[in-house]
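Visitor: This is the structure I have questions about; it appears just below.
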Amino acid sequence: MTSDPHARVALIIEDDADVRQLLVMTLGMNGFTTIEAENGRQGVALVREHRPDLVTLDLNLPDIDGVEVCRQIRPLTDAYVVMITARQDEIDRLIGLEIGADDFVVKPFSPREVGARVNAMFRRPRSTGQGGSQLPAGTEDREAPQPGAVATAVAAPPAQTENLLTHGPITIDAEGRIAMLDGVELPLTRIEFDLLATLVSGPRRVWQRETLLSRIWGDGWVNDQHLVEVHIRNLRKKLGEDTKAPRFIRTVRGVGYRMMPPSAA
């Protein structure tokens, strides 16, 4: 563990000592103080003790697996969570579980890839409830949707205040990071919230998958369009969507997504 009191804190939960040391080196080079755990139970205890800003979490741990660890730590922290897996085909299944992870990395990975993905996550806005420290000043809005740039909707412009967007029965509080449908708060993950807020911020615009990847996940993600598709599917499920007769999010075949007119919602 490094000793810089101003560094962001990363907890590495990994039973393979070689992988653990590679992550210590990589995250240290990206400005993190690192803490190490060799198994899931130790990792959960260290989350409670240190309130990290970032958690890297191996899927296959010797005691409890990474999915269960993620479920246990999510009520304790809003730290960014990066799941590490040995198989590419596990990623869609993990995303579909809606366990609260922010990103997924496949072994073997390069230090440059991990550093780029972590830095992209920290450019996204996040709430600062039970988890780690706030983002450094000036970075909170770098990737945030701009409420002041809302386009005119097909049927009527979405009502807005400085931090509030509405589109039909959907209301989004950008500052509080709360999305509501018919007055009931939606249980969205950070990425789902960012997707919905982005779509509502430009309701007449067709959002290309590549644009959504760059805006929400960061640059260098053009080959990961399945991430958008899986998270849109999860978002639609929470909105109660019928994909054959969409009420909110319309797929523009071969391009991306756009919001349905407020009258349809």
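The values are calculated or read from the model by the stated rules, or taken from the named source; none is laboratory data. Here the structure is a predicted model, which means the values were calculated and not measured. When we count neighbours, we look across all protein chains shown, and the Cβ atoms used for this are built from the backbone with ideal geometry, even at glycine. For the accessible areas, the whole protein counts, side chains as well, though only heavy atoms, and no ligand, DNA or RNA atoms are used. Shrake-Rupley method; radii C 1.70, N 1.55, O 1.52, S 1.80 Å.
Visitor: Among the candidates L54, L59, L23, single out the residue that is free of Cβ contacts under 8 Å to residues at least 60 places away in the same chain and surrounded by 16 or more Cβ atoms within 10 Å (Cβ to Cβ).
Guide: Being free of Cβ contacts under 8 Å to residues at least 60 places away in the same chain and surrounded by 16 or more Cβ atoms within 10 Å (Cβ to Cβ) holds for just one of L54, L59, L23, which is L59.
Visitor: Do we have G43 as under 16 Å from V114 (Cβ atoms), of a type in the set (G, A, S) and touching a strand residue (DSSP E or B) at 6+ places or on another chain (Cβ under 7 Å) here?
Guide: no
Visitor: Let me ask you something else. Restricting attention to the stretch 178-208, which residues are in a loop (DSSP other than H, G, I, E, B) and more than 14 Å from K238 (Cβ to Cβ)? Spell out how you get there, then give the answer.
Guide: Keep residues of the stretch 178-208 that are in a loop (DSSP other than H, G, I, E, B), which gives 182-183, 186-189, 202-206.
Once the filter is applied, which keeps residues that are in a loop (DSSP other than H, G, I, E, B) and more than 14 Å from K238 (Cβ to Cβ), the stretch 178-208 yields G183, G202, P203, R204, R205, V206.
Visitor: Next question, about the same structure. All but one of (1) aliphatic (A, V, I, L, M); (2) closer than 22 Å to P108 by Cβ; (3) open to solvent by less than 30 Å² (accessible area, probe 1.4 Å); (4) modelled with pLDDT of 90 or more hold for I35, so report the exception by its number.
Guide: Failing condition for I35: (2).
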